[in-house]
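**Student:** One structure, as structure tokens, below. Some questions next.
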Amino acid sequence: MSRMVDWIDRRFPLSHFINKELTGYPTPRNLSSWWNFGFLAGFVLLLQVLSGIFLAMHYKPDAQLALGSVEHIMREVNYGWLIRYMHSTGGSAFFAIIYIHMARSLYYACYHKPRELMWWSGQVLLLMLMATAFMGYLLPWGQMSYWGAQVITNLFRATPFFGDQIVVWLRGGFTIGDDTLSRFFVLHYLFPFLIMGMVFIHLIALHYVKSSNPTGIELAKNEQITFHPYFTIKDLYGLGLFLIIYCYFVFFNPDFFIEANNNIPANPLKTPSHIEPEWYFLPFYAILRSIPDLLGGVIAMSLSVMIFAALPFLDRCKIPGGARYRPVYRTLFYLFMVDILVLGYVGAQPPNGVLMQVGQAATFIYFLLFSLLPFISRKEEKWLLAKGLPPAVLAFMEEEAARESGRKKS
């Protein structure tokens, strides 16, 4: 083995790369379990790609055969039921992990300088994941798949001047049919590999600026430890806990995340009584429905996802650690989490008078929190500096100010 490694090292820096970027990567010693979710996201992505490849071997992207091919996979392919349930459960698990990963980054304000590019690459990953999930939702060609695609593609009609042409291009025709299914299948198969490439860029940005930590203060070298074996074991422990929950749904409750109506063949002549997206889209769906105008609803829904990219500019407070040292920001964070849950509940219910008003109020609060952040963050910084902060935080802020001053002079 050592001879083989030496032979590779003379031609490719394998050992150097592994030691620098994996085993010997310097990591803050105070990382909590909330930092495990990046590793879990990578694991689930690999699981989704592998299970998706095997499913694609037996799937037929044809309107007459799609649902039948899914049933064929479940009943006649060896362990096809397991692969299908791993893939369907993995989709929901992926979003749950990504949302927790984002919530941790929001809580500790991990989007602050110098991690803006890492944050933005994560936002691109979120958009690509949403697009992949939407295209995959159509593939079973059940009632909810068909009508969900009907609703979502119709949203593009709100695009000024070119709305109708965009809808025809997305569908491959004037109606949702074989052409729609074929192109969605191809894109759903392609996007995970693009996501893996974007993950690589995300990791490069992470390793260049180094990992953040709960204090927000860059630790000295003597306060850092190598990634292996300390955090390898920690990630594997988190993986074990995740697999317990994941395997419960795969083996004991596999249909929990599958809409019952989606087992009924798609029927363009029969509209379901209530059309709702998957649970991970519900808050944004509630924002869409809260605006009575189609164009306004589409703009609000798109902005609700993309506004996270503006956080490095909206949050003007220079105190590190996010909500750890900032009580006002911590209150806004918890209020935002509650608001997301309210929007998710509203999105899952049929629209009526009371719930529509609740959804509109929750939508208003959603955007209000982002709008108030620039003003609140500056005032909170002045208040905390006058009140007093831990000496380590003040020393770090003084060092950062000195570095910034030096860069401006140079």
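**Student:** So which of Ala310, Ala361 ends up being assigned to a helix (DSSP H, G or I), aliphatic (A, V, I, L, M) and more than 30 Å from Phe396 (Cβ to Cβ)?
**Tutor:** Every option except Ala361 fails the conditions.
**Student:** Looking at Leu236, Leu194, which one is closer than 22 Å to Asn30 by Cα, out of contact with any strand residue (DSSP E or B) (no Cβ under 7 Å at 6 or more places or on another chain) and at pLDDT 95 or above?
**Tutor:** Exactly one residue qualifies, and that residue is Leu236.
**Student:** Further question: Got a sec? Which helices (runs of 4 or more DSSP H) wholly within segment 1-100 have at least 2 residues that are at pLDDT 95 or above and either closer than 30 Å to Ala205 by Cα or in contact with a His (Cβ under 7 Å, 6 or more places away or on another chain) (or both)?
**Tutor:** It comes to 37-56, 66-75.
**Student:** Mind counting the residues in segment 226-247 that are surrounded by 17 or more Cβ atoms within 10 Å (Cβ to Cβ) and either among the hydrophobic types (A, V, I, L, M, F, W, C) or in a loop (DSSP other than H, G, I, E, B) (or both)?
**Tutor:** Qualifying residue count, segment 226-247: 3.
**Student:** In this structure, is Thr132 of a type in the set (Ser, Thr, Tyr), part of a helix (DSSP H, G or I) and not assigned by TED's automatic domain parsing to the domain that holds Leu47?
**Tutor:** Criteria not met by Thr132.
**Student:** Let me ask another. Out of curiosity, is Val354 out of contact with any helix residue (DSSP H, G or I) (no Cβ under 7 Å at 6 or more places or on another chain), modelled with pLDDT under 95 and surrounded by 18 or more Cβ atoms within 10 Å (Cβ to Cβ)?
**Tutor:** Answer is no for this residue.
The values are calculated or read from the model by the stated rules, or taken from the named source; none is laboratory data. Keep in mind the model is a prediction, meaning the values are calculated, not measured. Cβ atoms come from the backbone with ideal geometry, glycine included; neighbour counts cover every protein chain shown.
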